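Only one structure is covered here, and it is reproduced in the block below.
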Amino acid sequence: MSARYLTLNITPELAGLEVNTLLRRRLGLSGTVLRRVKWLEDGVTLDGARVNVRVRAQEGQTLAVRLTDPVISSGVAPAPGPLDIVYEDGDLVVLNKAPGVLVHPGHGHFDDTLGNFLMYHYKECGEESDFHPVHRLDKGTSGLVVAAKHPHAQEKLKNQLHSGAFRRVYLAVCDGAPPAPSGVIDAPIGRDPRERKRMAVNERNGKSAVTHFTVLQRFREYTYIECRLETGRTHQIRVHMAFAGHPLLGDAVYCRRKEAFHLEGQTLHAMTLGFMHPADGRYVEVTAPLPAYFEHLLHIL
């Protein structure tokens, strides 16, 4: 089984600094991550030998810290299933989720989710990785979702979620015709006080949420739009478009109009995902094409 390590060569300017300082300030590791691994024989080492984090590093040495999980603790069981991997390296994996598939196991779905399929992939590849989701997509939403392979990458990516560093662009079909060719919906989102399973624009208890939308094509009763998120609140695009009077086609939760296309979820596809890589800070951006049902729908609207 392969494990992932982060290394640092001790240069003259770093010589004499405590290992703890180097791990936190130079490698950007949090106390939470360090507490998971420093008790391991290969958790924190200098030239391959286990050291206390209070030891001072010497010039020419190599500091290494184990990133992958010492124990698989998520409880997500490996199970074979379709997995469309768009990008993968030693720190993370980006998947193109099919509509109708859950990201996380839950009630009634313990072996048929993206998490189960990903854990099976790790097992088959001999990777010591647990399931570390960074964000989620609703069951009826298709497209790109990123999962980290270890807690350090998960922390780094989660810290980008509500910032400009984490770029998410979606394609959707909404009911009716937004009057402007583009616009911004800036309205806080929280739990619906009348129905706790739903989200709603909630001025009193909601969290800041901003969605930019652009009209791509107008049809007789519907509009094809692109949405870009500044924030990533639960059901954000679905709630914001419903709030604007243009709920998404196929959305059984937020759209009162019964659609006639026999869809299994809302017409929402996470097309583009961009982020700063947790290991080296480079910008990574990937795209996923529209699923076949979505392409067909656009032809018949």
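The values are calculated or read from the model by the stated rules, or taken from the named source; none is laboratory data. As the structure is a computational prediction, the values presented were derived from the model and not from experiment. Every residue, glycine among them, receives a Cβ derived from its backbone with ideal geometry; neighbour counts consider all protein chains shown. All accessible areas refer to the heavy atoms of the entire protein, side chains included, with ligands and DNA or RNA removed. Shrake-Rupley method; radii C 1.70, N 1.55, O 1.52, S 1.80 Å.
Remarks
- Answer residue from segment 82-100, given it is assigned to a loop (DSSP other than H, G, I, E, B) and on the phi < 0 side of the Ramachandran plot and is least open to solvent (accessible area, probe 1.4 Å) among those: 91
- All told, residue 240 falls short of being at positive phi, open to solvent by less than 50 Å² (accessible area, probe 1.4 Å) and modelled with pLDDT of 95 or more.
- Whichever residue in segment 262-301 is touching a residue at least 12 places away in the same chain (Cβ under 8 Å) and among the acidic types (Asp, Glu) and, among such residues, is nearest to residue 141 (Cα to Cα): 264
- Residue in segment 201-210 that is least open to solvent (accessible area, probe 1.4 Å), counting only those that are among the aliphatic types (A, V, I, L, M) and under 22 Å from the mean Cα position of the chain (by Cα): 209
- Among (1) more than 25 Å from residue 160 (Cβ to Cβ); (2) in contact (Cβ under 8 Å) with a residue 60 or more places away in the chain; (3) part of a strand (DSSP E or B); (4) of a type in the set (A, V, I, L, M, F, W, C), the one test that residue 215 misses: (2)
- Single condition residue 32 does not satisfy, out of (1) of a type in the set (S, T, N, Q); (2) under 17 Å from residue 150 (Cβ atoms); (3) assigned to a strand (DSSP E or B): (3)
- Test result for residue 130, among the charged types (D, E, K, R), more than 21 Å from residue 269 (Cβ to Cβ) and either open to solvent by 30 Å² or more (accessible area, probe 1.4 Å) or not in a loop (DSSP other than H, G, I, E, B) (or both): no
- Any hit, segment 178-191, residues being open to solvent by 20 Å² or more (accessible area, probe 1.4 Å), among the charged types (D, E, K, R), at pLDDT 95 or above and under 18 Å from residue 246 (Cα atoms): yes
- Any hit, segment 55-66, residues being closer than 20 Å to residue 115 by Cβ, open to solvent by less than 60 Å² (accessible area, probe 1.4 Å) and hydrophobic (A, V, I, L, M, F, W, C): no
- Members of segment 161-170 that are modelled with pLDDT of 95 or more and either among the polar types (S, T, N, Q) or open to solvent by 10 Å² or more (accessible area, probe 1.4 Å) (or both): 167, 168, 170
- Cross-chain or 6+ apart pairs with Cβ under 9 Å, segment 249-261 first and over 12 Å from residue 235 (Cβ atoms), then of a type in the set (Phe, Trp, Tyr) and open to solvent by less than 60 Å² (accessible area, probe 1.4 Å): 249/222
- Residue match in segment 224-232 (condition: in contact with a strand residue (DSSP E or B) (Cβ under 7 Å, 6 or more places away or on another chain), touching a residue at least 24 places away in the same chain (Cβ under 8 Å), small (Gly, Ala, Ser) and crowded, with 22+ Cβ neighbours inside 10 Å): no
- Residue in segment 211-223 that is farthest from residue 183 (Cα to Cα), counting only those that are buried (at least 18 other Cβ atoms within 10 Å of the Cβ) and more than 23 Å from the chain's Cα centre (by Cα): 222
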